[in-house]
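Enquirer: Dropping a structure here in structure tokens format, bear with me for questions.
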Amino acid sequence: MNTSTLTAGRSPQGQAVALRADARLLRERIARRTGLALIAWGRRQDERRTHSANSERRRNELLAARLQAAEFQRMALIATPMI
């Protein structure tokens, strides 16, 4: 058997280099996923704020309409004796 063609396992130095490279790639993947998760979270927060802002605007419009109707009714009652 020709032993020169057989490959031996990695040397300890080669293993350390490979482990550092793997760790760097893992950190990059984690950073990328974290960044994407933060972007998605931010978009969801914007959607919630938009929804809550719309709800608050509708609530304020209803309140303003009720106050306007109440004021109109009050003015009508005050003006009735004058007629």
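Coordinate-derived values only; no laboratory data. If you're wondering where the values come from, they're calculated on a predicted model, not measured in any experiment.
Enquirer: Take the alpha carbon atoms of the chain, find their radius of gyration, then divide it by 2.2 N^0.38 Å using N residues; give the quotient.
Expert: 3.03
Enquirer: Continuing with this model, one more query. Roughly how tilted is helix 12-79, in degrees to the nearest 10 and between 0 and 90, from the longest Cα axis of the chain?
Expert: Once rounded, the angle reads 0 degrees.
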